[in-house]
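Here is the structure we will look at.
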Amino acid sequence: MEVDSVFFTDRSGRVTSNPLLDQLPSYQSLLYRRKSSGAGSKRRNSSRNRFGSSGSNKWAVNTVSKHEEKQKLEERPIRELPKTMAEKRQQKAQRLQDAADLSSWRQWKQGTRRYLRRLREDAHDWLSSLQLWRGDIHLIEGMFGQGILSYFSFLRFLVMLNLIIFVLMFSFVMLPIIIAPHTSGNITYNLNDGGICSVYPSSTRRGLVIYYEHIADLLSGGGFLEQTYLFYGYYRAHKIYFPKTTYNLPLAYLLATIAYLFLSLVWIVKRSATGFKRSLIQDEDRFQSFCNKIFAGWDFCITNVNASKLKRSSLLYELKTDLEEERIKQKIADRTRKEKCRIYFIRFLLNLFVMAVLAGCFYSIYKATIFSQKAQMDNIKVNFIVDLIYEYLPSIVITLANFITPLVFSIIINFEDYSPAFEIRFTLMRCVFMRLTSIGVLLFSLWSQITKCKEEPCVCGYNHLLYSCWETRVGQEMYKLTIFDFITIVSVTIFVEFPRKLIVRHCDCGLAKWWGQQEFAIPQNVLEIVYGQTICWIGTFYCPLLPAICTIKYFFMFYIKKLSLINNCRPATRPFRASSSNFFFLCVLLIGLALACMPVIASVAQINCSQACGPFVNYTTSWEVVPTAVSQLPDGVQGLLWALSSEAFAVSFFVVTCLAMFYMIALAGAHKKVIKQLREQLAMDGRDKRFLIQKLCQAQRIPEVRPSQPRQQVLSSSSSRRSPNYETSFSNNFDESLFLVHSPPDSSTHV
């Protein structure tokens, strides 16, 4: 707020200035900044000249913005205006009167605009009513607030994402095979050429099959499932001939894979951009954070009594966390060199221990994968349970590692002397690293077995004796991880959370009270589904129906988690700071997508594809289908595509991208600076209001004017008793000023 644009209008209509405004904190701060910067060495002593200079342009802008705001307010529906019913009726009558004075064309135009707006609102309401789980999510929001709501909204987003990925893969990969006329010559299959690399021994069971073997096939993806649309090896078609066109299935398979990865990237970035904007806006100083939590931190969507108590405790916890962070910052600032060396040494040792734990987990996953693959290849059969353990040994080890390591990390972090908020974030990042890297270790273990032959180098580029269709084998591992993850979630809900609730509710012993009811920890639950989604992204190339399985899995998970939340769990008393958690979770999901792209790109571009199954039998690598398809296009299109893939275009695109990035960084810095200035201006407005209120209170304490005593004398004597500067600043205009703020006048009217 600058005082250069503030004027007082007396009762006679004259515009005058007041020396009181020179005492405003905002103006004193402005003078100090001008003096310190050295700009404008010559000052006008007269406040009337000062008022007519720099403030005019600003207030002209403010006047225009207020006019635009008034126009927007008039265009809004009357029911949305923040006015009383009487004012709304008056506004409606005014609008009808204004509309009657318009021409027929203007009336038709306004009516059409109003009709289209209502049509758009009705369409939006109708689409909102079709939104998945709309009522359930509103119920959860009302009972537990927006913190728990963020998890279920995130789960709904993944359901929709997987559904669209499934529709994409089904439309371009499975549907052409299904609808193609299966007569002679309409489908060209990749036939067995009789070479050693094209031998594909099927694992389908022959003859009479015991019932539990079918159960084992459903859980492992082997047997009859291996010869279905579920896995990569079933798609042996090379080209599909329709009446007027030829469908290239290998090219469609590869482009669909690129499309679902790119679609996931765009959708996640779009959703995370909104959260990033909110995090920038909420990146306030500590004083504003305290004020927002105290005066605007309550969630009015909560209707449940227990949830309101938990919300109150969470607000108290956040305030305590803020105070604890301030205390730790002060403690860090007061640390001696000896204390810094000691705490850094402790952190170094504990991080070495964490790395040792992670290394042990990764080594266990590697050995379990090798042992499981060897047992399956040697066809070791003991009994149904042991065979399943052999099949699921990597999944079991990964699940145990994901369960144990967070407990170890939460104990270790207490000795590293971090702030409470950083403790939660750092522990979560360690858990994210553990969960996502374990998938990478599993794939590395598989590919170390696939690409290792007794006689180096491999004749077919891979171990064709043990892995004749290695893509299907990888798809089966991703399928087993998905199924086992769902079984683990259901089992924990039924056999851990429900009995714990019964014990805590019906047992009065001290141990049960100390154990307490299960907490619904939002970050851990979100990391759980991010882990499952990463598996889905990796496995879709090798198991095209895996997105459909994940859609069904997350669909049932919604109801399982909802029942568990309402009946077995309670919200965490130590919540994940920030309601900006959506942005953090989407960043973790983006990390999972980046990790998923790495093995898919490596298998498409580097590893030789199987010569016994799949759509890429006629190619050395899957990527070769792209240049082969491009070579069949017209010369002009070929030249354009080769130019787009050339190094010159890549360098130019990289330079342009860097320039655009630097521009956006500079623009973001400018916006951040403006936000900082606006915050300082708001703080200065508060100081100005406080100053004016103090002066007004002093003026109200002036005794009542007697008829025989001049008012000027009373004001002078009263102000001299209270404030020496008040006589010259306020007495001349207290009686006459109406305190009207408007645009500054020109020099002809300035008196």
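The values are calculated or read from the model by the stated rules, or taken from the named source; none is laboratory data. Fair warning: this is a prediction, and the values are worked out from it, not measured in the lab. Counting neighbours? That spans all protein chains shown, and the Cβs are built from the backbone with ideal geometry, glycine included.
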Self-check item: Single residue of the range 107-166 satisfying the filter (in contact with a Cys (Cβ under 7 Å, 6 or more places away or on another chain) and not small (Gly, Ala, Ser)) that is nearest to Met557 (Cα to Cα)
Solution: Asn162
Self-check item: Conditions (1) more than 27 Å from the chain's Cα centre (by Cα); (2) surrounded by fewer than 19 Cβ atoms within 10 Å (Cβ to Cβ); (3) β-branched (Val, Ile, Thr): number failed by Val490
Solution: (1)
Quiz prompt | the range 393-410 residues that are within 16 Å of Leu219 (Cα to Cα), paired with ones that are of a type in the set (Asp, Glu) (beta carbon under 8 Å, 6 or more apart) | solution = Pro394/Glu477; Ser395/Asp485
Practice problem: Considering only the range 103-172, give the helices (runs of 4 or more DSSP H) lying wholly within it that have at least 2 residues that are of a type in the set (Lys, Arg). | Solution: 104-129
Self-check item: Given (1) free of Cβ contacts under 8 Å to residues at least 12 places away in the same chain; (2) part of a helix (DSSP H, G or I), index of the condition Val630 fails
Solution: (1)
Exercise. Out of the residues in the range 392-411 that are surrounded by fewer than 18 Cβ atoms within 10 Å (Cβ to Cβ) and among the aliphatic types (A, V, I, L, M), state the one that is nearest to Ile346 (Cα to Cα).
Key: Ile411
Quiz item: Mind checking whether some residue in the range 271-287 is surrounded by 12 or more Cβ atoms within 10 Å (Cβ to Cβ), more than 22 Å from the chain's Cα centre (by Cα) and modelled with pLDDT under 70?
Solution: yes
Self-check item: Selection within the range 404-443 - among the aromatic types (Phe, Trp, Tyr) and modelled with pLDDT of 85 or more
Solution: Phe409, Phe415, Phe433
Quiz item: Quick one: would you say Arg236 is surrounded by 14 or more Cβ atoms within 10 Å (Cβ to Cβ) and at pLDDT below 85?
Solution: yes
Quiz item: Tell me, which residue of the range 413-422 that is buried (at least 16 other Cβ atoms within 10 Å of the Cβ) and assigned to a helix (DSSP H, G or I) is nearest to the chain's Cα centre (by Cα)?
Solution: Ala421
Quiz item: Tell me, which helices (runs of 4 or more DSSP H) lie completely within the range 439-541 with 1 or more residues that are of a type in the set (Lys, Arg) and more than 28 Å from Tyr366 (Cβ to Cβ)?
Solution: 498-506, 510-515
Quiz prompt | Test result for Val604, surrounded by 14 or more Cβ atoms within 10 Å (Cβ to Cβ), closer than 30 Å to Gly475 by Cα and free of Cβ contacts under 8 Å to residues at least 24 places away in the same chain | solution = no
Quiz item: Within the set of pairs 6+ apart or on separate chains, which have a first residue in the range 218-230 that is on the phi > 0 side of the Ramachandran plot and assigned by TED's automatic domain parsing to the domain that holds Tyr392, a second that is of a type in the set (Phe, Trp, Tyr) and part of a helix (DSSP H, G or I), and C-beta atoms under 6 Å apart?
Solution: Gly221/Tyr479
Quiz item: For Thr369, are the conditions met, namely being hydroxyl-bearing (Ser, Thr, Tyr), within 30 Å of Tyr467 (Cα to Cα) and either out of contact with any Asp or Glu (no Cβ under 9 Å at 6 or more places or on another chain) or surrounded by 12 or more Cβ atoms within 10 Å (Cβ to Cβ) (or both)?
Solution: yes
Exercise. Determine the pairs where a residue that is within 9 Å of Ile413 (Cβ to Cβ), located within the range 423-435, has a partner that is in a helix (DSSP H, G or I) and aliphatic (A, V, I, L, M) with Cβ atoms under 6 Å apart, the partner being 6 or more residues away or on another chain.
Key: Glu423/Ile413; Thr427/Ile413
Self-check item: Number of the condition not met by Ile148 [criteria: (1) farther than 22 Å from Ser272 by Cβ; (2) at pLDDT below 80; (3) among the aliphatic types (A, V, I, L, M)]
Solution: (1)
Quiz item: Being crowded, with 17+ Cβ neighbours inside 10 Å, at pLDDT 85 or above and under 23 Å from the mean Cα position of the chain (by Cα), is that true of even one residue in the range 567-587?
Solution: no
Quiz prompt | Hits in the range 633-644 - residues which are closer than 15 Å to Leu255 by Cβ and either outside any loop (DSSP other than H, G, I, E, B) or within 38 Å of the chain's Cα centre (by Cα) (or both) | solution = Leu641
Quiz item: Only one of (1) under 20 Å from Ser26 (Cα atoms); (2) aromatic (Phe, Trp, Tyr); (3) loosely packed, with under 12 Cβ neighbours inside 10 Å fails for Tyr663. Which number is that?
Solution: (1)
Practice problem: Just give me the residues in the range 160-174 being surrounded by fewer than 19 Cβ atoms within 10 Å (Cβ to Cβ) and either within 18 Å of the chain's Cα centre (by Cα) or over 26 Å from Gly592 (Cβ atoms) (or both), in sequence order. | Solution: Met160
Quiz item: Where residues in the range 690-720 are modelled with pLDDT of 80 or more and surrounded by 12 or more Cβ atoms within 10 Å (Cβ to Cβ), which of them is nearest to Pro25 (Cα to Cα)?
Solution: Phe691
Quiz item: Does the range 227-245 hold any residues that are within 21 Å of Tyr467 (Cα to Cα), touching a Pro at 6+ places or on another chain (Cβ under 9 Å), in a loop (DSSP other than H, G, I, E, B) and not charged (D, E, K, R), and which are they?
Solution: Tyr229, Leu230, Phe231, Tyr235
Quiz prompt | Residues of the range 620-640 satisfying the condition of being closer than 18 Å to Tyr247 by Cα and among the β-branched types (Val, Ile, Thr) | solution = Val625, Val626, Thr628, Val630
Self-check item: Options Thr405, Thr399: the member that is in contact with a Ser or Thr (Cβ under 7 Å, 6 or more places away or on another chain) and not aliphatic (A, V, I, L, M)
Solution: Thr399
Self-check item: Residue list for the range 454-499, restricted to those being basic (Lys, Arg) and either touching an Asp or Glu at 6+ places or on another chain (Cβ under 8 Å) or modelled with pLDDT under 85 (or both)
Solution: Lys454, Lys480
Practice problem: Taking only the range 297-352 into account, find how many residues are aliphatic (A, V, I, L, M), out of contact with any helix residue (DSSP H, G or I) (no Cβ under 7 Å at 6 or more places or on another chain) and modelled with pLDDT of 75 or more. | Solution: 9
